[in-house]
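Just so you know, all these numbers are worked out from the coordinates, no wet-lab data involved. All values derive from a computational prediction rather than experimental measurement.
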Amino acid sequence: MVKKAVQEEIPFEEALSELESLVETMEKGELSLEESLASFERGVALTRLCQQALKAAEQKIEILSTNSSEAELEPFRGD
């Protein structure tokens with residue numbers, strides 16, 4: 001039932017949707033302890049992935065919205 005740990009890059013929307021699904025499943029209280037722990041671990045990994053994606057988007061927006069016409073463009077480095 002629980003997917004493998006988040007090591008691959010998955011789109012933000014997919015990660016968020018899976019996270020929401022995990023929360024709904026866990027809130028029902030029908031999982032065994034082992035399943036709950038595995039779901040929690042997957043949820044933490046998905047949360048971190050979403051946070052990283054949001055941080056990268058925020059940095060991109062900040063770079064793009066700089067009002068200085070003299071500012072040099074720098075390559076974006078996502079973590």
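Derived scalar couplings between HN and Hα for the range 33-38 equal 4, 5, 5, 5, 5, 5 Hz in order, rounded to whole Hz, by the Karplus curve 6.51 cos²θ - 1.76 cosθ + 1.60 (θ = phi - 60°), x for Gly and Pro.
Extent of the range 12-63 along its three principal axes (Cα atoms, max minus min coordinate, largest first): 46, 14, 13 Å.
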